[in-house]
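Taking it in order: structure first as structure tokens, then the write-up.
The values are calculated or read from the model by the stated rules, or taken from the named source; none is laboratory data. From a predicted model like this one, the values you see are computed outputs, not experimental measurements. Don't worry about glycine lacking a Cβ; one is built from the backbone with ideal geometry, like all the others, and counts go over all protein chains shown.
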Amino acid sequence: MRAPLWVDTDLALGAARGDVDDGFALAAVVLAGAEILGVSAVSGNTDAATAYGCARDLLDVLGAGCPVVPEADAPAALAALPAGASVLAIGPPGNLLRAAALDPGWPARVEVRVVGRVRSRLRHPLLPLFDLNLGGREARRLWSAPFSRLSVFPLDVVRRLRLDGRDLERLRGLGPAGEYLARHSRRWLARAPLRYLARSFPAWDLVAALDAVGRLPGARFDRRLGRSGLAGFDVAGARAAFFALPWPAASPAERR
């Protein structure tokens, strides 16, 4: 049995700007049937109010009934999680740090997955510029928090899972949820040649989400980053696992 899950996100899929990868991550944990205790918004990739609205809209499309919490209420909601809960933190760690300040014993009761940092800065000298989650000063306090388990998903590892135009077309054929993801990702794909010098974009957070629901094949972890850091995974297998999720063929309204 997987631990019940809380998702803390700066989701911008559905907004006019900002990376869309959080949307794929949230969709994956919902469609995988995870027990989702709630979703909280955090400022980062977009402002917290936009993240809150985008999360609610996506969850409506997915037919998920879990609570969505604004940034102001997120620290208290996180601190109230039951022992053994798992937190998928796919935005900056501000909410986590404020929860730990509210209850210093909280980190020891939960496990956390975070996306950020770079394993090999010499090979990827520009990649830290893309680290909007763990690249700031605030994130340094995260490493001293005594989480029961803190797993890091480095950018130079998770960047290997990429989505292109063919993937978005494939999503369109998977029903309303897939069509929603594809439609709101087109603007990000259009920016990929300039931003990533490629005709695809990395689905950074999707890798951590697949691991959270036990669907990341070939995952290997080491302690190179001081905690449990993802060292590698089966990229083709992860892509297959995402598309093999039980995508609903009808909208929530039609299912009712």
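Kindly check whether there is at least one residue in segment 239-253 that is in a helix (DSSP H, G or I), modelled with pLDDT under 95, farther than 20 Å from Gly116 by Cα and out of contact with any Phe, Trp or Tyr (no Cβ under 6 Å at 6 or more places or on another chain).
Here is the first cut: in segment 239-253, the residues in a helix (DSSP H, G or I) are 239-243, 252-253.
Those still in the list that are modelled with pLDDT under 95 too: 252-253.
Checking the rest, the ones that are also farther than 20 Å from Gly116 by Cα come to 252-253.
Remaining after also requiring out of contact with any Phe, Trp or Tyr (no Cβ under 6 Å at 6 or more places or on another chain): 252-253.
Looking for residues that are in a helix (DSSP H, G or I), modelled with pLDDT under 95, farther than 20 Å from Gly116 by Cα and out of contact with any Phe, Trp or Tyr (no Cβ under 6 Å at 6 or more places or on another chain), one finds at least one in segment 239-253, hence yes.
Here are the criteria: (1) in contact with a Pro (Cβ under 9 Å, 6 or more places away or on another chain); (2) of a type in the set (A, V, I, L, M); (3) under 30 Å from Arg195 (Cβ atoms). Tell me which single one Ala145 does not satisfy.
Of the numbered conditions (1) in contact with a Pro (Cβ under 9 Å, 6 or more places away or on another chain); (2) of a type in the set (A, V, I, L, M); (3) under 30 Å from Arg195 (Cβ atoms), the odd one out for Ala145 is (3).
Out of segment 27-74, which residues are at pLDDT below 95 and assigned to a strand (DSSP E or B)?
none
Restricting to segment 162-214, name every residue that is outside any helix (DSSP H, G or I), touching a residue at least 40 places away in the same chain (Cβ under 8 Å) and either farther than 21 Å from Val114 by Cα or in contact with a helix residue (DSSP H, G or I) (Cβ under 8 Å, 6 or more places away or on another chain) (or both).
Filtering segment 162-214 down to residues outside any helix (DSSP H, G or I) leaves 162-164, 173-175, 196-203, 213-214.
This time we only want the ones that are touching a residue at least 40 places away in the same chain (Cβ under 8 Å), so: 162-163, 174-175, 201-203, 213-214.
If the condition is that a residue be outside any helix (DSSP H, G or I), touching a residue at least 40 places away in the same chain (Cβ under 8 Å) and either farther than 21 Å from Val114 by Cα or in contact with a helix residue (DSSP H, G or I) (Cβ under 8 Å, 6 or more places away or on another chain) (or both), then Leu163, Leu174, Gly175, Phe201, Pro202, Ala203, Val213 are the ones that fit.
Can Phe221 be described as touching a residue at least 12 places away in the same chain (Cβ under 8 Å) and in a loop (DSSP other than H, G, I, E, B)?
Numbers: touching a residue at least 12 places away in the same chain (Cβ under 8 Å): yes; in a loop (DSSP other than H, G, I, E, B): no.
Judged against the criteria, Phe221 is not a match.
I'm told Ser151 meets every condition in (1) at pLDDT 90 or above; (2) closer than 20 Å to Phe201 by Cα; (3) outside any helix (DSSP H, G or I) except one. Can you identify the failing condition by its number?
(2)
Out of the residues in segment 96-122 that are modelled with pLDDT under 85 and in contact with an Asp or Glu (Cβ under 7 Å, 6 or more places away or on another chain), which is farthest from Ala209 (Cα to Cα)?
Narrowing segment 96-122 to residues modelled with pLDDT under 85: 119-122.
Restricting the remaining residues to those that are in contact with an Asp or Glu (Cβ under 7 Å, 6 or more places away or on another chain) gives 119-120.
Details: Arg119: 19, Ser120: 22 Å.
Only one residue fits best here, namely Ser120.
Looking at Trp143, is it crowded, with 17+ Cβ neighbours inside 10 Å and of a type in the set (Phe, Trp, Tyr)? Can you show your working first?
Working: crowded, with 17+ Cβ neighbours inside 10 Å: no; of a type in the set (Phe, Trp, Tyr): yes.
So Trp143 does not fit the description; no.
Which one of Ala74, Ala51 is of a type outside the set (Asp, Glu), closer than 19 Å to Pro107 by Cβ, crowded, with 23+ Cβ neighbours inside 10 Å and out of contact with any Phe, Trp or Tyr (no Cβ under 6 Å at 6 or more places or on another chain)? Lay out the reasoning, then the answer.
On the way: Ala51 fails: closer than 19 Å to Pro107 by Cβ.
After applying the criteria, what remains is Ala74.
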